[in-house]
Structure formats: structure tokens, C-alpha cells
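Colleague: Just passing along the structure, written as C-alpha cells.
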Amino acid sequence: MTKLFSIFGDPVSHSRSPLMHNCVFKALKYDACYTRTHLLDGTKLKETFFALGLSGANVTVPHKEAAFNACDEVRGFANTVGVVNTLINENGRLIGYNTDADGFMYAIQEFKNIQKILILGAGGTAKALSARFKQEGIEVSVLNRSEGRLSYFKDLGCKCFTWDTFELEKYDLVVNTTSAGLKDEELPAPLEIIQNVLQNSNYVGDAIYGKLTPFLQLAKEKGMIYKDGADMLLGQGVLANELFVNAALNKEDIKTQMQKSFLY
Ligand code: NDP
């Protein structure tokens, strides 16, 4: 019987997940279909999931925390951050995972010898990434525009700065997790700070995808090795698909086919 998958979000019409997963299912002849579900009320997630007869799902903004609460069982890293982005129907039980941060780790695996990272921004993405980096024993510094959200990172053992208090060090990787550059042409911090940071970093990443942000533009001009958020999106998608098909497909094949969906 054809398996059905979906993504839940509000909004959800922009999501690339249906295209990414359907590309894999079609190319690898896996009998499944992936759709999208516009869900307004996160507390209705579980009943909607089962009413639709889904085998699995992804969850995006703003329901990732509601998804965590809806699960019968949460596995792995999702327990650390209290955020679920992948759901699996395991014999009528709702099992939750988080593939966002692992997807990022997967995306940066070609960056060698990462021991010290600077994260720009202190939102949800920064939280997940910093917790995952700390698990790997990586030293993490966080630089944010404002002070308010930094306490989570202080508790995690990160060095925390605002633009006024920033103390420059050398980094193996700097990652922009702010939304600066998403719908505007802003940098994640004042130009002078960004110039100094790039000068003292080996690799550069950005969570934003679909455009070259002013931040990555600077990295490009300096001839640095950089990655935008497309690889992060791809990484979380590959890991979610592996869970959907219960390891019936080869991970590299999933990656190859999912990557093709980025051409459309
Ligand atoms: P949040 O809203 O949780 O956090 C946003 C952060 O950006 C805050 O720290 C905020 O600082 C900072 N910020 C916003 N505007 C500016 C600005 N103009 N200058 C400097 N700092 C700014 O966002 P998320 O963590 O959910 O998402 C962040 C980005 O990551 C988005 O662009 C999103 O599209 C992208 N993303 C990509 C994914 C992928 O798969 N590639 C997955 C998830 C997210 P302050 O605290 O001062 O307000």
C-alpha cells in the first residue's frame, strides 16, 4: 500500500520538503507520496496525523515544540532541545526525532577539524546547533545583537557576547543563524565585526538558503570556503527520509536524488 507522508506548518505553502521527498520516492521507486498540511492549531497535530493515515511527517514553524509534546516517545537529540521536526508512525505510536542539528553536522562533515565555532544569532536554530556542537565537545561562542536570549547559551557553557562586548578569537567555523539577509540586505553584525570574524575563521556557514546573503557574499569575496543553508536543509531531509523508509534505501542514494530536487 502506498505510504503517505506530510509536512505540518503555518505557513507551509513555501516548503520545499514535498519536492525533496517525492523526488527520492519516485527515483528510487519507493511506493510513497509526500504532501503538505496547513495546520493552524499545534495541539491538533497528533489527531490530524492519525486522521490522515500518515506513516510519517515533518514539522516546521511554529509547531516543532508542539510536536515534541504530542509524541508517545521522543528519541535522540530531540530530547536535549525539546524540539521535534520528524514524526514516525510506529505501530500506532507517534515517535519523534530532531534531524535539524544532525542535518547541519552532516552538511559540514567535509569541513575538517572543527574544534571552535562562532554562532551569530541566538534564536531557535542557534539553540539546536549550539547544543549539538557542545555534545561533540566543540567550543562554542555566541554573538547576538541583543542580550535577552543569551542566558540559554550561558547555561550551556558557551562564551556569550553582544556587539558591544565582543572579544574576537580565532574560529574554525562561523555560522550565521540570524535572519539578517533573509528578506533584507543586512549583515548579522556591524561590518567591522564581520570583517574581523571572517579574517579569523577557516570556514563559513549560513542557515539561510535560496540566496547569497551579504554575509556569504563577503566570505565569497575573500575566497573563503562557505556553505549556505541548502546543505542544512538537505541534511535534515536526508536523515528524515532515512527514518521514513526505515533504512530501506541507501543514504547516499537518498542524498543524490534529494539534491536533484534543488535544481527545480
Ligand atoms: P529566530 O527568530 O528564532 O532567531 C532569529 C535571530 O536572528 C535572533 O537571535 C535575532 O536577534 C537575530 N536577528 C534577526 N534580525 C537580525 C538583524 N537584522 N541583525 C542581526 N541579528 C538579527 O529564528 P530561527 O532560529 O528560527 O531562524 C533563523 C534563520 O535560520 C532564518 O533565516 C531561517 O530561515 C533559517 N533556518 C534555516 C534552516 C535550514 O534548513 N537551512 C532551518 C531553520 C532555520 P535578537 O535576539 O536580537 O532579536
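Colleague: Only one of T37, T86 is free of Cβ contacts under 8 Å to residues at least 60 places away in the same chain, hydroxyl-bearing (S, T, Y), closer than 17 Å to L4 by Cβ and touching a Phe, Trp or Tyr at 6+ places or on another chain (Cβ under 7 Å). Can you tell me which?
Modeller: None of the other options fit; the residue is T37.
Colleague: Moving on to the next point. M232 passes all but one of (1) touching a Phe, Trp or Tyr at 6+ places or on another chain (Cβ under 6 Å); (2) hydrophobic (A, V, I, L, M, F, W, C); (3) open to solvent by less than 20 Å² (accessible area, probe 1.4 Å); which number fails?
Modeller: (3)
Colleague: I'm trying to understand the selection: among the residues of the range 164-177, which are over 24 Å from M232 (Cα atoms), in contact (Cβ under 8 Å) with a residue 24 or more places away in the chain and either more than 14 Å from the ligand (Cβ to nearest atom) or of a type in the set (S, T, N, Q) (or both)?
Modeller: Hits for the range 164-177 are L168, E169.
Colleague: Quick check on my filter: what residues within the range 100-133 are free of Cβ contacts under 8 Å to residues at least 40 places away in the same chain and part of a helix (DSSP H, G or I)?
Modeller: Scanning the range 100-133 gives A101, S130, F133.
Colleague: Inspect the range 117-130 for any residue being surrounded by 19 or more Cβ atoms within 10 Å (Cβ to Cβ) and away from the ligand (no atom under 15 Å from the Cβ) and give the result as yes or no.
Modeller: yes
Colleague: Something else now. Kindly provide the set of residues from the range 143-159 that are without any contact (Cβ under 8 Å) to a residue 24 or more places away in the chain and either among the charged types (D, E, K, R) or open to solvent by less than 30 Å² (accessible area, probe 1.4 Å) (or both), ordered by number.
Modeller: E147, K154, D155, K159
Colleague: Another question, if that's okay. Give the residues of the range 49-63 that are surrounded by fewer than 24 Cβ atoms within 10 Å (Cβ to Cβ) and polar (S, T, N, Q), sorted by residue number.
Modeller: Those that are surrounded by fewer than 24 Cβ atoms within 10 Å (Cβ to Cβ) and polar (S, T, N, Q): S55, T60.
Colleague: Just checking, does the range 36-43 include any residue being modelled with pLDDT of 95 or more, open to solvent by 70 Å² or more (accessible area, probe 1.4 Å) and part of a strand (DSSP E or B)?
Modeller: Looking for residues that are modelled with pLDDT of 95 or more, open to solvent by 70 Å² or more (accessible area, probe 1.4 Å) and part of a strand (DSSP E or B), one finds at least one in the range 36-43, hence yes.
Colleague: Report the residue count in the range 62-83 for those that are charged (D, E, K, R), free of Cβ contacts under 8 Å to residues at least 60 places away in the same chain and within 16 Å of the ligand (Cβ to nearest atom). If you could, list the steps in order and put the result at the bottom.
Modeller: Step one: list which residues in the range 62-83 are charged (D, E, K, R), which gives 64-65, 72-73, 75.
The next check asks that each one be free of Cβ contacts under 8 Å to residues at least 60 places away in the same chain; those that pass are 65, 72-73, 75.
Checking which are within 16 Å of the ligand (Cβ to nearest atom) leaves us with 65.
Residues meeting the conditions: 1.
Colleague: Only one of these conditions is not met by Y97: (1) closer than 18 Å to T35 by Cα; (2) touching a Lys or Arg at 6+ places or on another chain (Cβ under 6 Å). Which number is it?
Modeller: It is condition (1) that Y97 fails.
Colleague: Kindly provide the set of residues from the range 173-208 that are among the acidic types (D, E) and in contact with a Leu (Cβ under 9 Å, 6 or more places away or on another chain), ordered by number.
Modeller: Taking the range 173-208 first, the residues among the acidic types (D, E) are 184-186, 192, 206.
Within the range 173-208, just D206 meets the criteria.
Matching residues to (1) within 22 Å of K112 (Cα to Cα); (2) within 10 Å of the ligand (Cβ to nearest atom):
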residue: T162; (1), (2): no, yes
residue: S179; (1), (2): no, yes
residue: A189; (1), (2): no, yes
residue: V204; (1), (2): yes, no
residue: P214; (1), (2): no, no
residue: L218; (1), (2): yes, no
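Colleague: Considering each residue of the range 1-41, count those that are of a type in the set (A, V, I, L, M) and over 16 Å from K260 (Cα atoms), and give that number.
Modeller: Total satisfying the criteria: 7.
The values are calculated or read from the model by the stated rules, or taken from the named source; none is laboratory data. These numbers were taken from a predicted model, which means no experiment stands behind them. No Cβ is skipped: glycine too gets one built from the backbone with ideal geometry, and neighbour counts run over all protein chains shown. Keep in mind that these areas ignore ligands, DNA and RNA; they rest on the heavy atoms of the full protein, side chains included. Shrake-Rupley method; radii C 1.70, N 1.55, O 1.52, S 1.80 Å.
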